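Q: Encoded as structure tokens, here's the structure I'll be asking about.
The values are calculated or read from the model by the stated rules, or taken from the named source; none is laboratory data. These numbers come from a predicted model, not from an experiment. Cβ atoms come from the backbone with ideal geometry, glycine included; neighbour counts cover every protein chain shown.
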Amino acid sequence: MKRLKAVIIKEFAHILRDPTSLVIVFLMPLVMMFIFGYSINYDLEKIETGIIDFSGGDYSGQLIKAFSNNRYFQVQDLGARFHDPVAEGEKLLRKGELKEIIIIPSDFTQKLRKSLNTQVGIVIDGSDSNVCNLIYQYNESIILEFITRMQPLEKLISVNTKILFNPQMKSSTFFIPGLVAILLMMISGILTSVSVTREKESGSIDLIFISPLKSIEIIIGKTIPYISVALIAGIFILVFARFWFGIPIQGSLLVLLIFSLLYIISGLSLGILISTISTSQKTAMLGALLSTLLPSIMLSGFIFPLDSLAPVLQWISHIVPARYYLKIIRGIVVKGASLHHFLFEGMALVIFATVLLTLAAIKFNNNRKQAK
């Protein structure tokens, strides 16, 4: 027992001498509990819905009110906003600013007054099959209630629903492009998170400190090789997704490449920053996992729609690069969206990359001065 006691005491001493790992070990479960506790919400709120009312009659107005007065829908009148509401509505669907479009034909009210059959057209963004199913159910509930109030005209109204972008409702079509974003961020962050700490542990960092290179040159020089590695990994993942899971890329490969480079640079810059702060490779790797994997999975829209997150988590999600790249890659791969659809998201990635690279260079320069 004395020998066993000595081993136990020694192991506890080793654990207590590494407080950084202890903080990460206890912090990660707390962060996961906080995120899961506030993010797991399968109800959709504020479903961006565009309505095109070609009828303009009493009955169509009642149908619009039925959607507008429901807390799950955020209705906007496309007919009042655009000269060609159908074409503009499709653009908004591709961009991800609308989840569905409801089209009321010009003879809707007139036919109901004459007791003739009429239809309502609904186009739903089917890129996320789970969200699409929920929207379909919400629509059914509202329209059923509206039709019930229309007695004895309820049998005259039918609904024609079209699922856009993913008519087969395959979950893999939505999740695999998102998985590319998660893997790229994880690979980029982990690869570079140990680049400076490896030099610290081996002692070769002192040779870099006394070199004539500027700090920003060293940071950029360390980042560029990893860009190539991460980009090759991203291409490999997309090729595998295309030929194994049968997911075609609807949009431009060149546009996807441009945005992917910006995203990879953001991830690598974050990894470099973590590396300049950390004192060991183990700490750097744990820090990279905590700052890249968890936020990218939970706070980007990968699993849970951003609208279903708690307000504080929605605010935090704005500083997660994966939030913007997820919208880009799903828009290009699934919807065939173009470069001009994602100018805001591209600018956000440029800002992330610039700020993180600058912070990494400043921190590295401070370490350099302290070493001298």
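Q: Six or more apart or on different chains, Cβ atoms under 6 Å: show the pairs whose first residue is in region 238-258 and of a type outside the set (G, A, S) and whose second is assigned to a loop (DSSP other than H, G, I, E, B).
A: Q250/G336
Q: Also, quick follow-up: Can you pull out every residue in region 331-369 that is at pLDDT 85 or above, among the small types (G, A, S) and within 30 Å of F209 (Cα to Cα)?
A: A353
Q: Related question: Which condition breaks for K95 when tested against (1) closer than 26 Å to H341 by Cβ; (2) free of Cβ contacts under 8 Å to residues at least 12 places away in the same chain?
A: (2)
Q: If we keep just the residues of region 196-223 that are charged (D, E, K, R) and part of a helix (DSSP H, G or I), which is modelled with the lowest pLDDT?
A: It comes out as D206.
Q: Hey, can you tell me all the residues within region 150-174 that are in contact (Cβ under 8 Å) with a residue 40 or more places away in the chain and part of a helix (DSSP H, G or I)?
A: L156, S171, S172, T173, F174
Q: Restricting attention to region 175-195, and to residues there that are under 11 Å from the mean Cα position of the chain (by Cα) and surrounded by fewer than 21 Cβ atoms within 10 Å (Cβ to Cβ), which single residue is modelled with the lowest pLDDT?
A: Step by step, filter region 175-195, then rank; the result is F175.
Q: In the list V131, V123, which residue meets the criterion of being modelled with pLDDT under 85 and buried (at least 16 other Cβ atoms within 10 Å of the Cβ)?
A: The match here is V131.
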